[in-house]
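Student: There's a structure below that I have some questions on.
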Amino acid sequence: MAKLMDWDVRYREELKNPGRPPREWLTDHADLLRGGGVCFEPAMGLAWNFPFLFSLGYTVWGVEISAVAARYAARLYPQARVILGDLSRFSFAADSFNLISHFFFLDLDLMRQYDRFLKPGGLVIMETLTVDMLSIHPDTPPQRLLKPGQLGELFTGWQILDYREGWVEERAGHPKSVASIVARKI
């Protein structure tokens, strides 16, 4: 229960300054994401990406472990399907989604199911932290961090439309070591 309470505390704090824009990696690839359909956003947090995804024609299904974040998103975006749940115990039917929008959450078992979750031709757009983050945040649990090249390996056999690994500076000016990908299911 401590894990859940930590996320609730984090999102209560984040709600003091609402209105963060969608992730840059997502908006930078809008041209690849047009066409709509059904989007899955795991660990959606406070659903900052939802309005952008709606603008591209997507119906959004978001899953979140924090009741604070899930209630907020459900209230703010009643047109979305918001699910309160633990992603380590979650699954969807085959060919459920056209897009998976996955940011700063790492569950390798879940990610290995993306090929099954996506319809043929569907896209994954993803960005998450790498082990290099330990150089500035040594308290980060290593199981939340990708090893060099690991993200690309997870999408072997997919059409890779864009990929990067390394340090980036977020809009807020914070450096992050990330692995980012846009991949199409073949």
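Student: Let a ≥ b ≥ c be the square roots of the eigenvalues of the Cα gyration tensor of region 39-125; is it rounded (a/c under 1.5), or, if not, prolate (a/b larger than b/c) or oblate?
Tutor: Cα axes put region 39-125 in the oblate bin.
Student: Consider a paramagnetic label point 7 Å from the Cα of Ser88 along Cα→Cβ; state which residues of region 126-144 have an amide N under 13 Å from it.
Tutor: Residues passing the 13 Å test: 143-144.
Student: Tell me the carbon and sulfur percent of the accessible area for the chain, rounded to whole percent, probe radius 1.4 Å.
Tutor: The computed percentage sits at 53.
Student: Hey, another quick one. If you scale each eigenvalue of the Cα gyration tensor by 5 and take the root, what three semi-axes come out for the chain, rounded to whole angstrom and sorted largest first?
Tutor: Working: eigenvalues 99, 92, 54 Å².
Gyration-tensor ellipsoid for the chain: 22, 21, 16 Å.
Student: In terms of the Cα gyration tensor, with a ≥ b ≥ c the square roots of its eigenvalues, is region 62-101 rounded because a/c is under 1.5, prolate because a/b exceeds b/c, or oblate?
Tutor: Oblate shape, in that a/c is at least 1.5 and b/c is the bigger or equal ratio.
Student: Let me ask you something else. Identify which of His174, His29, His102 has the largest mean-square fluctuation in a Gaussian network model of the chain, with springs joining Cα atoms closer than 10 Å.
Tutor: Residue with maximal mean-square fluctuation among His174, His29, His102: His174.
Student: Charges at C-beta only: +1 for Lys and Arg, -1 for Asp and Glu. How large is the resulting dipole of region 1-139 about its Cα centre, in Debye rounded to 20?
Tutor: Values: 14 positive and 17 negative charges, 107 e Å.
Dipole size: approximately 520 debye.
Student: Would you kindly state how much longer the chain becomes between Val9 and Val168 on full extension, computed as 0.36 nm times their sequence separation minus their alpha carbon distance, in nm to one decimal?
Tutor: 54.6 nm
Student: Of the residues Gly122, Gly166, Gly62, which exhibits the maximal mean-square fluctuation in a Gaussian network model of the chain defined by a 10 Å Cα contact cut-off?
Tutor: Gly166
Student: Moving to a separate point now. Using the Karplus curve 6.51 cos²θ - 1.76 cosθ + 1.60 with θ = phi - 60°, what ³J(HN,Hα) values do you get for each residue of region 117-125, in whole Hz, with x for Gly and Pro?
Tutor: Per-residue couplings from phi come out as 5, 7, 6, x, x, x, 10, 10, 10 Hz.
Student: Please give the calculated 222 nm ellipticity per residue for the chain, where each DSSP H segment of at least 4 residues contributes -39500 (n - 2.57) and the sum is spread over every residue; nearest 500 deg cm²/dmol?
Tutor: -6500 deg cm²/dmol
Student: Over the chain, what is the mean sequence separation of C-alpha contacts under 8 Å (at least six apart), divided by residue count, expressed as relative contact order in percent?
Tutor: Relative contact order of the chain: 17 percent.
Student: In addition: Before I look further, what does region 56-105 give for accessible area per residue, probe 1.4 Å, in whole square angstrom?
Tutor: That works out to 45 Å² per residue.
The values are calculated or read from the model by the stated rules, or taken from the named source; none is laboratory data. All values reported here derive from a predicted model rather than from experimental measurement. Reconstructed Cβ throughout: ideal geometry from the backbone, glycine too, with neighbour counts over all protein chains shown. Note: accessible area is taken over every heavy atom of the protein model, side chains too, but ligands, DNA and RNA are not part of it. Shrake-Rupley method; radii C 1.70, N 1.55, O 1.52, S 1.80 Å.
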